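Notes for the one structure printed next.
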Amino acid sequence: MDRDEIVNVVMELYDARKEAKEYLEYWLNPDSEKELEKCRKLVDRQFFTPQGINRRSPSLPTINKIVKDFMSICYETERVADLLLFIPERMADWLEERYRRVSYRTSLRKYLGEAKLYIETHELEHLYGLRLERLTEKTEAIEKWQENLAPRSRGWRRRFF
């Protein structure tokens with residue numbers, strides 16, 4: 001392909017797909033901190049409304065897509081680790097607000113495990129070790145609280161929901 005054909009293909013791609021447009025705009029002016037904040041805001045909106053009210057249930061496929069898109073654009077391991085830790089942090093906050101819904105406990109452990117694995121694989125414990133430790137303690141506290149909850153006791157829904 002000559003130069004004009006390549007330009008036409010890029011322009012058609014830019015107009016055709018939103019993802020391609022975002023990708024091309026990022027590489028024209030790469031600002032990983034701005035992109036991280038944008039993704040953190042999108043993840044936060046899965047758990048809480050703009051007014052800070054907790055949502056009924058987050059869209060986990062949407063969260064996974066946000067992470068996948070961010071990882072395809074940003075190659076800075078520190079930023080990716082930050083986003084991967086942000087997800088279980090917000091999920092833990094959401095679970096506390098939603099009276100620690102049992103159905104999302106496995107998802108919380110999954111996201112926490114992914115973040116921990118990524119941090120250990122890329123040797124970022126010195127940056128995120130304390131944050132990861134605190135999040136692990138918070139997760140264990142949520143799980144312990146849920147185990148002590150007796151859902152079949154009389155009036156348990158009124159007390160907790």
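Residue ranges 19-26, 39-46 sort as 39-46, 19-26 when ordered by packing (mean number of other C-beta atoms within 10 Å per residue, highest first). Computed over the range 1-61, the percent of Cα pairs more than 20 Å apart is 50. Straight-line reach from residue 116: which aspartates and glutamates have Cα under 16 Å away, leaving out those fewer than 8 places along the same chain? Counting by Cα, and skipping residues close in sequence, residue 116 has these aspartates and glutamates nearby: 78, 82, 89, 125, 133, 137, 140. For residue 48, the residues 5 or more places off, or on other chains, whose built amide H falls under 5 Å of its own are 55.
Over the chain, DSSP H runs of length four or greater, each weighted -39,500 (n - 2.57), average out per residue to a 222 nm ellipticity of -25000 deg cm²/dmol.
A Förster radius of 25 Å combined with the Cβ-Cβ distance from residue 19 to residue 51 puts the calculated FRET efficiency at roughly 0.30.
Taking all C-alpha pairs of the range 36-86, those more than 19 Å from each other amount to 25 percent.
The convex hull defined by the C-alpha atoms of the range 57-138 has an orientation-averaged projected area of 5.2 nm². Straight-line reach only, C-alpha to C-alpha below 17 angstrom: list the aspartates and glutamates that residue 18 could link to, leaving out same-chain residues fewer than 8 apart. Straight-line reach from residue 18, under 17 Å: 35, 69. Taking volume of the Cα convex hull per residue in Å³ as the quantity of interest, determine which of (i) 141; (ii) 160; (iii) 152 was computed from the displayed structure. The value computed from this structure is option (i). Excluding same-chain neighbours fewer than eight residues apart, the lysines reachable from residue 110 by a Cα-Cα span under 16 Å are 65, 68, 138. Helix 125-148 and the long axis of the chain differ in direction by around 40°, with both axes built from C-alpha atoms.
As I understand it, the value is the acute angle between the Cα axis of helix 77-97 and the longest principal axis of the Cα atoms of the chain; what does it come to in degrees, rounded to 10? The answer is roughly 30 degrees.
Helix 18-28 axis versus longest C-alpha principal axis of the chain: approximately 70°, rounded to the nearest ten.
No value in this document is a laboratory result; all are computed from the given coordinates. Keep in mind that this is a model prediction, so the values were computed, not measured. Virtual Cβ from ideal backbone geometry, glycine too; neighbours counted across all protein chains shown.
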